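Trainee: This is the structure I want to talk about, given as structure tokens.
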Amino acid sequence: MTEPCVSNPSAAAGLPRSPSGASPSRRIADVVESAAIFVIGYVFMAFLMNHPDAKPGPEAGLPGNDSFYHVKMAVMMPEVGLVRTFPWLQFAYFTKDGDAFVSHHYGFHVSLIPFTAFSRWLLGDELIGARWAICTYFALVVVIFHAILRSEGVPWRGLWVMAFFLMPIHFYTRHSYVRAISPALFCMLLLCGSMFRGRWILAAIVTALSIHLYLGAVMYAPVVVACFVVASLFGLPEDRRIPWKIAIGTAGAWIAAILLHPYCGNMFEFLRLQVFGSGLTPDIQVGTEWSPYNDVWWFFVLFAGPILGIWTVSLVIRLRLGPRLTANELALVLLNFAFLILTLKARRFIEYWPAFCLVSAAVLAKPGLHAVRQWFRRDLTRTPGTTGLLLRLLWATAGLFIVSWLLVNAWRMSRPREIMLSMAASWRMWVALLIGVSLPCVVAGLRDHFRMTRRTREALWLTPLFAAALIFGLILGSGMWLEVRKINKCSYDVAEIRAMMAAIKADSRPGDIIFTSDWDDFPTYFYYNSYNHYIVGLDPKFTHDRRPDLWERFVRITRGQVPTKSQYKHTDPGGREIREDLDIRIEDIRDYFGARYVISDRDHRPLSAKLAAARDFAELIYPPGDWQQNRNAEYVVFRIKDGRQPSSAPLEEPRR
């Protein structure tokens, strides 16, 4: 059988070579178009990540707790290499037995190294380099999104690129975190584009690299490939074929990537714990990203209503007017449903689903847009005589009226006015807007060797439409963009954390254990202090799954609910569930966790008060002064006074 062919293969940035028939001017135009899209995507994400009230330089921090962990791992990698055990978390277990560590983002950490190293050399701060990296990865996502539309022959792609910046708010907040979200989405879209073009070798390479970049691709890549294979088997009769090269090539690459992965031995055990134990079927309270969107009406109407509406309209018109879906289009429909179901199960998948939904809507709307464009070319730009002149005059007048009306009303609205004022302070945003508005004319001119031909005239006449769409998008998106910037302010006072950690390091010995008042504080503390070790972090299940007794003690102590009696559940070797009693005291910080220091923040005053009252057990060392003077401090640090040795070793298991 032959591989699937594409109805309109054309040059696409990030995809394989341009078609052999493409002229040099068209190739240059495609490169210029992709470069401009990259700049717009980069500047857009830089705008979202730059909180207007954030402190300059290193004091700005990063959005998202886990961001600090990933930057620290990238900074440490040139010195320590691949981490096999993780002593910085004494009571977090990444496998069922032993103390092996699985770095499921190690490839992402490698990709961060050039950015963090360069920014440290240039500015003395790695966090700024991490911001550069995330802006770059997000821009590549926009480029590959645009490239797939170009490869599929979707007309008026600029309008779809504008729509890409109007997706649900959580899509942008998650992509602004220093995590492997944008790189993973880029790989999945590139995998789709490679299969649509029948490039099975590139599809295999992308599959293998994506697994090493982010271990979640072990599950994502097969889903993407399976949707394409199913669509190829059940698509149009003339398009129906078995893509055996793609299926075998990607399957072989998947197996090879797993076998060559540096954490191969514990990979699936870790994924079981991370994805199912913590994510899809948790039995304790875990991170918010794994919780579902409970309000279905709010999700489908208010939150994701616009993008779902665009997709639904595109699908209904396509099914009503035809033609039938090709294999590529059917594959995107299946991927849209697959990631929508995952998003409804766990909200973290909002980082992927909107992109598949929008690209699916674009290719579904392709025949209808082609019909509109043909009318535009035939009746508006080519009608001769007085009739043609009147049509063009009417079009220009209507476009000018719509643009003027939108501008006036946008300025009257507080949110667009606020974002316009914010943009006015950033010359980069105006450069991006100028590139976006002039891009159709520039690309059309390049493709026609700078002659005033049909394509160039069409681009000029479409300028009012693009300007109106841009202003309308500003009205729709301004409030969301400002909200994202607000959310993206670092939630930590990094200057205070730096001072606090300096005091702890000056008072402690290497490897001394710090008891923290919340598990999700670890990434930030770890970034500013890897001299000491901590107890729990990254995910609650990494402690609870093996040591439910210690997790119960941790929860009660951090809430200040001590002394108290409690119970914990575990299963014996026969699979029976057993409940055992616990007697929990404040002294468990030393006796069970072996900690010499405790960090408590303003949100955990009951814990701080218990420590301050236990004068024979703990003493305040930061900030200077006594407890009454510092009870409202952002962070307080207690030193645990010497006592008897821990009653259980750090790796001791509960009875099974």
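The values are calculated or read from the model by the stated rules, or taken from the named source; none is laboratory data. Fair warning: this is a prediction, and the values are worked out from it, not measured in the lab. A quick note on method: Cβ atoms are made from the backbone with ideal geometry, for glycine too, and the neighbour counts reach across all protein chains shown. Just so you know, the surface numbers come from the protein's heavy atoms only, side chains and all, with ligands and any DNA or RNA stripped out. Shrake-Rupley method; radii C 1.70, N 1.55, O 1.52, S 1.80 Å.
Trainee: Which residues, counting only those in the range 96-109, are more than 20 Å from the chain's Cα centre (by Cα) and open to solvent by 10 Å² or more (accessible area, probe 1.4 Å)? Let's see the steps before the verdict.
Mentor: Filtering the range 96-109 for residues more than 20 Å from the chain's Cα centre (by Cα) gives 96-102.
Passing the criteria: 96, 97, 98, 99, 100.
Trainee: What are the residues in the range 15-49 that are at pLDDT below 75 and touching a Ser or Thr at 6+ places or on another chain (Cβ under 8 Å), if any?
Mentor: Those that are at pLDDT below 75 and touching a Ser or Thr at 6+ places or on another chain (Cβ under 8 Å): 15, 16, 18, 19, 22, 26.
Trainee: Is one or more of the residues making up the range 611-634 open to solvent by 30 Å² or more (accessible area, probe 1.4 Å), part of a strand (DSSP E or B), farther than 23 Å from residue 526 by Cβ and modelled with pLDDT under 85?
Mentor: No, every residue in the range 611-634 fails to be open to solvent by 30 Å² or more (accessible area, probe 1.4 Å), part of a strand (DSSP E or B), farther than 23 Å from residue 526 by Cβ and modelled with pLDDT under 85.
Trainee: Select, from 198, 216, 158, 153, the only residue that is in contact with a Gly (Cβ under 8 Å, 6 or more places away or on another chain) and modelled with pLDDT under 95.
Mentor: 158
Trainee: Now for a separate question. What is the number of the single condition among (1) touching a Pro at 6+ places or on another chain (Cβ under 8 Å); (2) farther than 22 Å from residue 44 by Cβ; (3) not in a helix (DSSP H, G or I) that residue 166 does not meet?
Mentor: Residue 166 satisfies every listed condition except (2).
Trainee: Within the range 112-134, can you find the residues that are over 22 Å from the mean Cα position of the chain (by Cα), of a type outside the set (A, V, I, L, M, F, W, C) and open to solvent by 50 Å² or more (accessible area, probe 1.4 Å)?
Mentor: 120, 124
Trainee: Just one of 145, 228 is closer than 17 Å to residue 37 by Cα, assigned to a helix (DSSP H, G or I) and either open to solvent by less than 10 Å² (accessible area, probe 1.4 Å) or touching a residue at least 24 places away in the same chain (Cβ under 8 Å) (or both); which is it? Give the derivation first.
Mentor: Details: 228 fails: closer than 17 Å to residue 37 by Cα.
Criteria check complete, one pass: 145.
Trainee: Another question about this same structure. Could you count how many residues in the range 471-492 are at pLDDT below 80 and open to solvent by 40 Å² or more (accessible area, probe 1.4 Å)?
Mentor: Final tally of qualifying residues: 2.
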